[in-house]
1. Of everything in segment 279-318, what is part of a loop (DSSP other than H, G, I, E, B), under 20 Å from residue 128 (Cβ atoms) and either in contact with a strand residue (DSSP E or B) (Cβ under 8 Å, 6 or more places away or on another chain) or touching a residue at least 60 places away in the same chain (Cβ under 8 Å) (or both)? Give them in sequence order.
2. What do you reckon, is residue 85 out of contact with any helix residue (DSSP H, G or I) (no Cβ under 7 Å at 6 or more places or on another chain), within 17 Å of residue 34 (Cβ to Cβ) and either in contact (Cβ under 8 Å) with a residue 60 or more places away in the chain or part of a helix (DSSP H, G or I) (or both)?
3. Would you mention how many residues in segment 186-212 are touching a helix residue (DSSP H, G or I) at 6+ places or on another chain (Cβ under 7 Å), in contact (Cβ under 8 Å) with a residue 60 or more places away in the chain, part of a helix (DSSP H, G or I) and buried (at least 24 other Cβ atoms within 10 Å of the Cβ)?
4. Taking residue 253 as the residue in question, decide whether it is surrounded by 23 or more Cβ atoms within 10 Å (Cβ to Cβ), modelled with pLDDT of 95 or more and either out of contact with any helix residue (DSSP H, G or I) (no Cβ under 7 Å at 6 or more places or on another chain) or over 30 Å from residue 147 (Cβ atoms) (or both).
5. Let me confirm something: among 6, 80, 100, 33, which residue is surrounded by 15 or more Cβ atoms within 10 Å (Cβ to Cβ), modelled with pLDDT of 95 or more, over 18 Å from residue 254 (Cβ atoms) and in contact with a helix residue (DSSP H, G or I) (Cβ under 7 Å, 6 or more places away or on another chain)?
6. Can you confirm whether segment 54-70 contains a residue that is modelled with pLDDT of 95 or more, under 20 Å from residue 151 (Cα atoms) and outside any helix (DSSP H, G or I)?
């Protein structure tokens with residue numbers, strides 16, 4: 001039986017976004033590229049925040065002639081000085097922001113810890129800390145532009161399995177003393193993102209800014225292909241890959257739903273998921289907009305507030 005895949009409805013797909021401005025991180029490939037493409041089709045102006053500007057400018061040529069417009073700007077989420085430089089330039093050029101899509105991610109599957117320029121474990125640093133600083137520095141323009149939305153990519157791996165649910169180790173989130181495991185670090189980063197979306201939704205009540213955690217699906221993108229694990233497993237999975245994974249367009253649907261649809265804003269703080277064979281909980285495999293995360297650690301508001309308070313200090317926000 002074919003797996004059900006979730007798609008934005010016709011009303012959402014045909015909305016006129018000609019007066020809207022969005023930022024999409026990691027927009028030069030994969031899910032970020034397809035998210036940008038659809039927003040631009042609908043008339044939006046998309047700031048494509050890319051670590052590799054040349055790659056972004058090259059793929060963006062395909063958007064010429066569409067209803068909307070784009071601007072490619074450099075952003076390296078593994079370097080907080082780059083995040084600050086990006087936001088400074090953005091705020092000099094733009095006075096509105098209707099959607100922030102924190103799409104970029106990183107998985108480090110080596111035996112040893114790799115670190116960002118600021119000393120964070122790489123997966124947590126790119127997926128969580130970099131996006132945290134980016135979001136906090138843009139909150140005022142998001143509030144000014146309300147109604148506006150924040151999408152933060154989590155992952156089905158945040159759910160873990162019934163006998164082993166990942167959680168954020170607040171005492172050592174960057175693996176300074178505990179043994180390193182790449183998949184555990186990635187899972188922990190995605191729990192952190194779910195908690196951050198939860199905390200943002202609570203903090204931003206009454207401002208017109210909504211926040212969502214998203215699992216886009218198992219995308220057939222370049223994500224993770226540079227690590228040894230993916231190089232080994234890809235040939236093994238090749239015969240089954242089409243039925244088990246999603247195209248980048250399919251994987252962009254959940255982010256687009258949260259960025260554009262009229263229904264998503266009723267569920268700020270929620271977890272939205274494309275269907276995925278990777279869930280270890282059978283009831284989660286069909287996804288949902290929204291769906292209830294099976295991981296209690298991703299729904300703990302007290303833990304979310306502790307995480308955010310700790311992160312302010314770690315990224316240098318007073």
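1. Taking segment 279-318 as the starting set, the residues that turn out to be part of a loop (DSSP other than H, G, I, E, B) are 279-281, 285-287, 292-295, 299-300, 316-318.
Those left that are additionally under 20 Å from residue 128 (Cβ atoms): 293, 295, 299-300, 316-318.
If the condition is that a residue be part of a loop (DSSP other than H, G, I, E, B), under 20 Å from residue 128 (Cβ atoms) and either in contact with a strand residue (DSSP E or B) (Cβ under 8 Å, 6 or more places away or on another chain) or touching a residue at least 60 places away in the same chain (Cβ under 8 Å) (or both), then 293, 295, 299, 300, 316, 317 are the ones that fit.
2. Working: out of contact with any helix residue (DSSP H, G or I) (no Cβ under 7 Å at 6 or more places or on another chain): yes; within 17 Å of residue 34 (Cβ to Cβ): no; either in contact (Cβ under 8 Å) with a residue 60 or more places away in the chain or part of a helix (DSSP H, G or I) (or both): yes.
When the stated conditions are applied, residue 85 does not pass them.
3. 11
4. Criteria met by residue 253.
5. Details: 6 fails: over 18 Å from residue 254 (Cβ atoms); 100 fails: over 18 Å from residue 254 (Cβ atoms); 33 fails: over 18 Å from residue 254 (Cβ atoms).
Answer to the check: 80.
6. Pass one, segment 54-70, residues modelled with pLDDT of 95 or more: 54-70.
Subsequent filtering for residues that are under 20 Å from residue 151 (Cα atoms) retains 70.
Adding the requirement that they be outside any helix (DSSP H, G or I) leaves 70.
Yes, the conditions are met somewhere in segment 54-70.
The values are calculated or read from the model by the stated rules, or taken from the named source; none is laboratory data. What you are looking at is a predicted structure, and each value in this text was computed from that prediction instead of being measured. Heads up, the Cβs are rebuilt from the backbone with ideal geometry, glycines too, and the neighbour counts pull from every protein chain shown.
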